[in-house]
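The values are calculated or read from the model by the stated rules, or taken from the named source; none is laboratory data. Since the structure is predicted, the reported quantities are computational estimates derived from the model, not experimental observations. Virtual Cβ from ideal backbone geometry, glycine too; neighbours counted across all protein chains shown. Accessible surface areas use protein heavy atoms only, side chains included; no ligands, DNA or RNA. Shrake-Rupley method; radii C 1.70, N 1.55, O 1.52, S 1.80 Å.
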Amino acid sequence: MNVLELHHIDKNYKLTGGELYHALRDISVSFKKGELVSIIGESGSGKSTLMNIIGGLDSDFTGKLLFNGENIGEYSEKQLDEYRKNKIGFIFQSFNLISHLSILDNVTIAMTLSNVSKEERKKRAEKILEQVGLKQHIHKKPNQLSGGQKQRVAIARALINDPEVIIADEPTGALDSGTTDQVLKIIEDIAKRGKLVIMVTHSDKVAAHSSRVIRIADGEIIDDRKGRELAYVEETADSSDFPKGTKNLSFASAVTLAFQNMKAKITRNIWVSLGASIGIMSVILMLSLGGGLKAYVNQTINSMINPLVVEVNMDNHTEEPSVSKEEMNPLSGNSTPFTEADLETLSKIEHVDSMDKSVNIMGFGTNSIIYGDESTSVLSISTMSPNVTDSALLDGSFPGDNEIVIQDEIATALGGDMIGKSVTLKWLVDEQFYSADFIVSGIANNNYVNFEDLAQVYADNGNELQPTTVYLVTDDESHTDAIKAEIEKLGYKGSAQEAMMKLFNDMIDALTFVLASISGVSLFVSAIMILVILYISVVERTKEIGVLKAIGARRKDIKRIFVSEAFLIGLFSGMIAVTITSILGWIANRISSSLFDMNIVQMEMSYITFGIVTSIVISMLSGLLPASKAAKLDPVDSLRRE
Ligand code: ADP
Ligand code: MG
């Protein structure tokens, strides 16, 4: 039975300008198993065109091509890929080995595309390479071999999937006469073992080795005659001892192939990854910087706050209608004082153990502290509360009964060493001066006395001191949030510090977002850079893509290899970004902790993950276009490329 039958094959090339070039005319010929056919003809006579059609690389022709009785013209794209992968072995004049892959990987590429396991691939490749006498060169790269050796590797590659037809387009065209004989001997052996070998040549000497010689001129067969008889060798079932993979190129293999290519262009890929990492790096850095600033602000403010204490103020806004201006306590900086009913409500909140009243007396030039002949005006006098923490105290101790803590500027103004001295506090209440004597117990950032001491002075003057702030004390930190929520529900206000902290946090968040977005622009630049680099890679590897297709790679496989390359660039640049950010962050933190005793850059695991994932996603998205360009390349065009 005929392995191949060609019936009235015609091929026209479309030229630019709409003209057609008639490259093959009415070719009808059939081939049998075990034949070694030489196709001989001048350059441009149509030999390669015919081989591409037989090899399933070019389906744009008229006429019928039968393989074992099946019409190739009716094959789907998938069947055609399978046909090229498993039925046909291609050998080219210029070897077309993939330079960044080892001999072993070059030979087994068709099996890799079928997802055959690594061990099985190696076993099979060793056997085939032994047949062509190259077993010891298995780990070399193509450019470490001579021309004859390269062609023998290409022959091994063509044989790897045990195809029925071997197509060799001028296999000895680039070889000297010594190696030509070697290669011809191997090709002859293949035919002798029962395969159909179709070999293109324009040398009569080469054609003399074959069992049949077909002459072609101007796209027509002009002669077809028998050559010498080949002595057949009985083949011991070769096809049964290796697995014909039916599966497709695995993602892991695609990544490995991509990695091998990237390794061959390592310098370029390092620079690209470095460039692409800058965007990710600045985004991570901005986020971490925002985190560090927020932590610093919160830590600073929290250090001034006792976590067991909840500060409550009257909410001026909601209370305004019920409290007239005259009713407001003029001593408390125009804050609304609490009524007895308010105090009662607050003390009954769940988990509140005790309640401290407090006022803050503001005076603009009216209030003063007098020591002997010295007098200095005071802006603000606060009462002690549980919320005043040790961090406020600069020297001495907090005030006991009839004691006062004074501000350090005031201490300096009064003569310096004031602790233990008796001073007079004088302040204006309802157009009348109140005054009282206190012993200085300490120096702080503000002036503090006890609420009870002040209240006594008011009582002595027939007046009543009403608190404008109360502090609710609880026994466990875990209750403070619930208490805060409750006072808000009741219509009171929290502490000014807390409101400030929230404001700061909101501002830092906004700032971080703006800065990170600006850095995000560089992500766009990275994306374009990766796109360009992959396009260049596609152009550079056009021939390789043609070879892969001739070997049976599907569009999907080609796409997968390029997307994997984009994936790897994304992964590398993400990792570079994280590494550099860590180093920069460490340096920044060393500096900031020696200056302000804080870590300005606070990197979190989530930023790292975000950075790497974003990098991979951006890179893969940019890789899609070049990858589909690669997948769409026409194999015949790609192979013709020099
Ligand atoms: P051979 O292999 O015998 O040297 P080819 O099969 O490569 O010849 O080419 C046969 C003819 O078809 C040549 O004249 C060539 O110029 C033409 N040809 C080949 N490929 C194309 C193409 N893609 N577009 C137009 N003409 C082509
Ligand atoms: Mg040719």
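Observations on the model:
- Evaluation of Ile39 against (1) within 16 Å of ligand 2 (Cβ to nearest atom); (2) surrounded by fewer than 22 Cβ atoms within 10 Å (Cβ to Cβ) (one fails), failing number: (2)
- In the range 345-359, the residues that are surrounded by 14 or more Cβ atoms within 10 Å (Cβ to Cβ) and either among the small types (Gly, Ala, Ser) or over 55 Å from the mean Cα position of the chain (by Cα) (or both): Thr345, Lys357, Ser358, Val359
- Some residue of the range 449-461 being in the same structural domain as Ser385 (by TED's automatic domain parsing) and touching a helix residue (DSSP H, G or I) at 6+ places or on another chain (Cβ under 8 Å): no
- Flag for Ser619 being farther than 22 Å from Asp557 by Cβ and open to solvent by less than 30 Å² (accessible area, probe 1.4 Å): no
- Counted residues, the range 484-504 - those being within 44 Å of the chain's Cα centre (by Cα), open to solvent by less than 30 Å² (accessible area, probe 1.4 Å) and modelled with pLDDT of 85 or more: 0
- Residues within the range 335-348 that are more than 17 Å from Ser495 (Cα to Cα) and among the hydrophobic types (A, V, I, L, M, F, W, C), tallied: 1
- Residue match in the range 529-548 (condition: open to solvent by 10 Å² or more (accessible area, probe 1.4 Å), among the hydroxyl-bearing types (Ser, Thr, Tyr) and within 21 Å of the chain's Cα centre (by Cα)): yes
- Candidate set from the range 595-616 (those that are part of a helix (DSSP H, G or I) and free of Cβ contacts under 8 Å to residues at least 12 places away in the same chain); member that is most open to solvent (accessible area, probe 1.4 Å): Met605
- Test: residue in the range 453-475 that is surrounded by fewer than 14 Cβ atoms within 10 Å (Cβ to Cβ) and within 25 Å of Asn306 (Cα to Cα): yes
- The range 561-585 residues that are without any contact (Cβ under 8 Å) to a residue 40 or more places away in the chain, paired with ones that are not in a helix (DSSP H, G or I) (beta carbon under 7 Å, 6 or more apart): Ser582/Met603
- Residues located in the range 42-73, provided they are of a type in the set (Ser, Thr, Tyr), more than 18 Å from Ser203 (Cβ to Cβ) and open to solvent by less than 40 Å² (accessible area, probe 1.4 Å): Thr49
- Residue pairs meeting the criteria (Cβ under 6 Å; at least 6 apart or on separate chains; first of a type in the set (S, T, N, Q), in the range 54-82; second modelled with pLDDT of 95 or more and open to solvent by less than 50 Å² (accessible area, probe 1.4 Å)): Thr62/Asp10
- Restricting attention to the range 163-187, the residues being open to solvent by 20 Å² or more (accessible area, probe 1.4 Å) and either in a loop (DSSP other than H, G, I, E, B) or without any contact (Cβ under 8 Å) to a residue 40 or more places away in the chain (or both) number 12.
- Close Cβ contacts (under 9 Å, 6 or more residues apart or on different chains) running from residues in the range 26-50 that are away from ligand 1 (no atom under 15 Å from the Cβ) to residues that are assigned to a strand (DSSP E or B) and small (Gly, Ala, Ser) comprise Asp26/Gly63; Ser28/Gly63.
- Candidate set from the range 423-445 (those that are under 60 Å from the mean Cα position of the chain (by Cα) and modelled with pLDDT of 90 or more); member that is most open to solvent (accessible area, probe 1.4 Å): Ile443
- Qualifying residue in the range 323-344 (condition: modelled with pLDDT of 85 or more and within 55 Å of the chain's Cα centre (by Cα)): no
- Odd one out for Val197, checked against (1) open to solvent by 30 Å² or more (accessible area, probe 1.4 Å); (2) more than 16 Å from ligand 2 (Cβ to nearest atom); (3) of a type outside the set (Gly, Ala, Ser); (4) part of a strand (DSSP E or B): (1)
- Taken as a whole, the structure places Glu130 among residues that are in a helix (DSSP H, G or I), within 18 Å of Ile187 (Cα to Cα) and open to solvent by 20 Å² or more (accessible area, probe 1.4 Å).
- Number of residues in the range 199-217 that are away from ligand 1 (no atom under 13 Å from the Cβ) and under 22 Å from Glu42 (Cβ atoms): the value is 10.
- Scanning the range 362-406 for residues that are part of a strand (DSSP E or B), within 60 Å of the chain's Cα centre (by Cα) and closer than 13 Å to Val440 by Cβ gives Leu393, Leu394, Asp395, Gly396, Val405, Ile406.
- Within the range 92-118, being of a type in the set (A, V, I, L, M, F, W, C), open to solvent by less than 10 Å² (accessible area, probe 1.4 Å) and not in a loop (DSSP other than H, G, I, E, B) holds for Ile103, Val107, Ile109, Ala110, Met111, Leu113.
- Test set (1) without any contact (Cβ under 8 Å) to a residue 12 or more places away in the chain; (2) open to solvent by 60 Å² or more (accessible area, probe 1.4 Å) - Gly415 fails condition number: (1)
- Consider the range 166-178 and keep the residues that are over 15 Å from Ser210 (Cβ atoms) and touching a Gly at 6+ places or on another chain (Cβ under 8 Å). The one that is nearest to ligand 1 (Cβ to nearest atom) is Ala174.
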